[in-house]
Amino acid sequence: MLTGQMLLRILLAVGLGAAIGLERQLSGKAAGIRTNVLICLGAAVLTIISQELGHRGGESLGRIAAQIVSGVGFIGAGVIIRDRGGIHGLTTAATIWLVASVGMATGAGYYALAVATTILAVLVLLGLHHWPRRPGDVEM
């Protein structure tokens, strides 16, 4: 049964995932708005399910969270590319991992944590985008 609290959680996950994904989209990265929204939403839904199963006496709360982290790590690994020019996609992979944590926080009802994390992530992505690199640094 979909409760008002569940609906609030998944809608917030969509909004926060979109906020981070918008920066990635505008930066021309492979994982843009849709990818980040879907990862955030999926993590929120799985966290809600995990909590609901936990309330019924199941021991799935920690196991589902661990599987979210592992599964998202696999997705993140898929965006990392190594070529002659260096390694590309590390920031996008880190963003995917972070968006899953925002979704998990939202799904668990930690709204302030999810919003604060999203604000900080967007500030880091925007503010450090033009940070000067030293020769030999890995390109992100």
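Where a number appears in this text, it was derived from the coordinates with a stated rule and is not lab data. Only a predicted model underlies this, so the values are computations on that prediction, with no experimental measurement involved. Every residue, glycine among them, receives a Cβ derived from its backbone with ideal geometry; neighbour counts consider all protein chains shown.
Sort through ALA77, ALA112 and tell me the only one that's under 22 Å from MET6 (Cβ atoms) and more than 12 Å from the chain's Cα centre (by Cα).
Working: ALA77 fails: under 22 Å from MET6 (Cβ atoms).
On inspection, the qualifying residue turns out to be ALA112.
If a residue must be surrounded by 19 or more Cβ atoms within 10 Å (Cβ to Cβ) and among the hydrophobic types (A, V, I, L, M, F, W, C), how many such residues does segment 19-45 contain?
The total comes to 9.
So which residues in segment 1-18 are surrounded by fewer than 22 Cβ atoms within 10 Å (Cβ to Cβ) and of a type in the set (Gly, Ala, Ser)?
Within segment 1-18, the subset surrounded by fewer than 22 Cβ atoms within 10 Å (Cβ to Cβ) is 1-8, 10-11, 14-15, 18.
Across segment 1-18, the qualifying residues are GLY4, GLY15, ALA18.
Quick one: which of ALA93, ALA105, ALA116, ALA65 is of a type in the set (Gly, Ala, Ser), touching a residue at least 12 places away in the same chain (Cβ under 8 Å), part of a helix (DSSP H, G or I) and within 20 Å of LEU128 (Cα to Cα)?
None of the other options fit; the residue is ALA93.
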